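Please read the structure below before turning to the comments.
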Amino acid sequence: MFQRQALCGAPYPGTNSATNMASSENKTARTLADLGVTQPTQVSALFLEVRTRFESDSLLARDESSWKHFRDAWLGRKSGVLTQITDHWLKTATPEMKRVVGAALNELRAHVESQIEERRKAIESGTQETAAARDRFDLSLPGVIRPLGSHHLIGQVFQQIEDIFFSIGFSVVEGPEIETPYYNFEALNIPEFHPVRDDMDTFYLDLPKGAAQPLLLRTHTSPMQIRTMEKRQPPVRVIVPGKVYRRDNPDATHSFIFHQVEGLAVDQDITFCDFTGTIEYFVKQFFGAGVKTRFRPSYFPFTEPSVEFDVSCIFCGGSGSAAGGGTCSKCKGSGWIELFGAGMVDPAVYGFVKYDAKKVSGFAFGMGIDRLAMLKYGIDDIQVFFQNDVRFLRQFP
Ligand code: DAH
């Protein structure tokens, strides 16, 4: 670090600097007689010490303010080193020694003055250079690219689905991912030993002993049918996007976490035609007007009748044959792809939410979003949705 004290300290050389020469304590504050200097050779040695000190001080003058200290320490009229030498060494010298000291002092002065000026110039041009470098803009350089993120493909598909259902009067509700067995099963007409629970074996939470009731990660978004109907009176038209969990082993079409959108419409006089019309409208909006649709009888405890809803194969256009010959691998030659389950709400469900099953009717559906996204965007491995590899994500900006 800059040794300011050494430069500011009035008498040269000070004793406060570690770099001082051993014998140089305040020699310029004392007379030659005091120092025992009687020979011209001793004078030369003294001046050499001073000069060495000057050179090392000069290295410390790196900017304008340290240079000023440096200059004052050496050239200051009152107590600069040169003034001290004049006062203590020259003026008090014997006539014979005066000549020797005078010559050495002149030589030292010329050196000190020219070096101090040199230092000033160097510092000044250095400062200018730094300022110039700071102000120099190269407008031809490319800008700093800040990578922008985008919505995950699943998020984009949620948005597309929401937009379609918004346009026909549905609203969005969301619900808890940790559920009670009552909402996840019982109130959906799935009593404790019902066989469909086997398909929905799931993750139960490790609760402390004596917990009021078991809790589980919801296996589907259907519990929100119950929660919504408990809170609202008909007409109800909602969709429920969200994550669901099942104890599945991961492979190209299975994951222990995936996404669903539940739908529920309950009102007076909702018919099976309203149901099929709504679903068909959605599918044509989502996949394109060219797809054909069909309903097949199915079974869900909370809908009656229940259906599986299929679309004509998006990959082979419903022909069942692959472009290069042979059967289409996506629909296995059938020309149809199963999309999701749906149905008219089972009257038993209304009993759980205190709706009058004689007065209201409605339909419900539950679609797997990962599956819809895979079909729409030609993705053949569900795992890519969860790996978050940017090489995949960037394909869907
Ligand atoms: N919750 C069902 C499942 O996850 C899907 C489903 C089927 C939901 C039919 C519905 C429905 O609302 O009516 O497998």
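Summary table
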item	result
Residue match in the range 365-388 (condition: hydroxyl-bearing (Ser, Thr, Tyr), in contact (Cβ under 8 Å) with a residue 60 or more places away in the chain, in the same structural domain as Ile226 (by TED's automatic domain parsing) and more than 16 Å from the ligand (Cβ to nearest atom))	yes
Check on Gly362, of a type in the set (Gly, Ala, Ser), modelled with pLDDT of 95 or more and touching a strand residue (DSSP E or B) at 6+ places or on another chain (Cβ under 8 Å)	yes
Boolean, Ile168 is hydrophobic (A, V, I, L, M, F, W, C), over 14 Å from Val240 (Cβ atoms) and either in contact (Cβ under 8 Å) with a residue 60 or more places away in the chain or in a helix (DSSP H, G or I) (or both)	yes
Lone qualifier among Val112, Val100, Val144 - being at pLDDT 95 or above and of a type in the set (A, V, I, L, M)	Val112
Pick from the range 47-70, criterion touching a Phe, Trp or Tyr at 6+ places or on another chain (Cβ under 8 Å) and among the charged types (D, E, K, R), ranking: farthest from Met97 (Cα to Cα)	Arg62
Subset of the range 155-165 [out of contact with any Pro (no Cβ under 9 Å at 6 or more places or on another chain) and touching a residue at least 24 places away in the same chain (Cβ under 8 Å)]	Gln156, Val157, Gln160, Ile164, Phe165
Subset of the range 303-340 [among the hydroxyl-bearing types (Ser, Thr, Tyr) and either in contact with a His (Cβ under 6 Å, 6 or more places away or on another chain) or closer than 16 Å to Gly288 by Cα (or both)]	Ser312
Top-ranked residue of the range 239-265 - restricted to ones that are more than 12 Å from the ligand (Cβ to nearest atom) and touching a helix residue (DSSP H, G or I) at 6+ places or on another chain (Cβ under 9 Å), ranked as farthest from Ala357 (Cα to Cα)	Pro250
Inter-residue pairs, beta-carbon under 9 Å, first in a loop (DSSP other than H, G, I, E, B) and in the range 133-153, second among the charged types (D, E, K, R), 6+ apart	Ser150/Arg394
Only one of Glu117, Glu113, Glu107, Glu55 that is out of contact with any helix residue (DSSP H, G or I) (no Cβ under 9 Å at 6 or more places or on another chain) and acidic (Asp, Glu)	Glu117
Single residue of the range 171-224 satisfying the filter (surrounded by fewer than 17 Cβ atoms within 10 Å (Cβ to Cβ) and β-branched (Val, Ile, Thr)) that is nearest to the ligand (Cβ to nearest atom)	Val196
Considering residues of the range 329-354 that are in a loop (DSSP other than H, G, I, E, B), of a type outside the set (Gly, Ala, Ser) and away from the ligand (no atom under 16 Å from the Cβ) only, the residue surrounded by the fewest Cβ atoms within 10 Å (Cβ to Cβ)	Lys354
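The values are calculated or read from the model by the stated rules, or taken from the named source; none is laboratory data. These numbers were taken from a predicted model, which means no experiment stands behind them. Every residue, glycine as well, gets a Cβ built from its backbone with ideal geometry; the counts of neighbours run over all protein chains shown.
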